[in-house]
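For reference, the structure is listed below as structure tokens.
Read-outs: derived from the displayed coordinates by stated rules, not from any lab. Since we're looking at a predicted model, the values are computed, not measured. Using ideal geometry, Cβ is built from the backbone for each residue, glycine included, and neighbour counts are taken over all protein chains shown.
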Amino acid sequence: MSAGAGIDWDALKAAALEVRKRAYAPHSKYHVGAALLTASGEIVGGCNVENATYGATCCAERTAVVSAVAAGLTDFRAIAVVTQGPEPGTPCGICRQVLAEFSADGSLEVLCFTPNGAEARYTVAELLPHAFRL
Ligand code: THU
């Protein structure tokens, strides 16, 4: 069975597009949406939330992870991330480490896409080999 089999990617992408509408990005104007799929089938969304200090900005991926954990969900199968521009953006370094925290074997699937149809799929292990582990 291929990686990512059985995942309703279209539903996950639709959720990421929907939550991206709530992106708070007055500084960069770069809107990002993320939708996490849990092992029990829930979808939890997140958008980027910027701050005037820039450094306090929270990426969409981390917003989704933090929201899920606060809802009692920590077992994740996949995340879809929608960015703008001609090519899909990939999660930043901090988000990769945060995703690795919840993917002990690195098998969490990461689908990066744009509204114009470009997409690329990775695993967390591919995005962050040798993640820090305590
Ligand atoms: N951003 C994300 O939300 N996810 C990423 O993986 C990369 C960057 C956000 C942060 C900031 O609000 C904007 O995109 C520009 O960097």
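Each helix, a run of at least 4 DSSP H residues, gives -39500 (n - 2.57); summed and divided by the residues of the chain, these come to -7500 deg cm²/dmol at 222 nm. Please give me the summed charge of the neighbours of Ser103: other residues whose Cβ is under 12 Å from its Cβ, Lys and Arg +1, Asp and Glu -1. Net local charge, Ser103 excluded: -2.
Ordered by the count of other Cβ atoms within 10 Å of each Cβ, fewest first, Asp75, Asp105 give Asp105, Asp75. Rg and Dmax over the alpha-carbon atoms of the chain stand at 13.7, 46 Å. With neighbours defined as other Cβ atoms within 10 Å of a residue's Cβ, the residues Ile7, Ile79, Ile43, Ile94 order from fewest to most as Ile94, Ile7, Ile43, Ile79. The distance between label points at Ile7 and Asn116 comes to 2.4 nm (points 7 Å beyond Cα on the Cα→Cβ vector). With 10 Å bins beginning at zero, the pair-distance distribution over Cα atoms of region 52-114 amounts to 20, 52, 25, 3 %.
Annotation: the residues Thr57, Thr63, sorted from fewest to most other C-beta atoms within 10 Å of their own C-beta, follow the order Thr57, Thr63. The modelled label-to-label distance for the pair Val66/Gln84, using points 7 Å beyond Cα in the direction of Cβ, is 2.2 nm.
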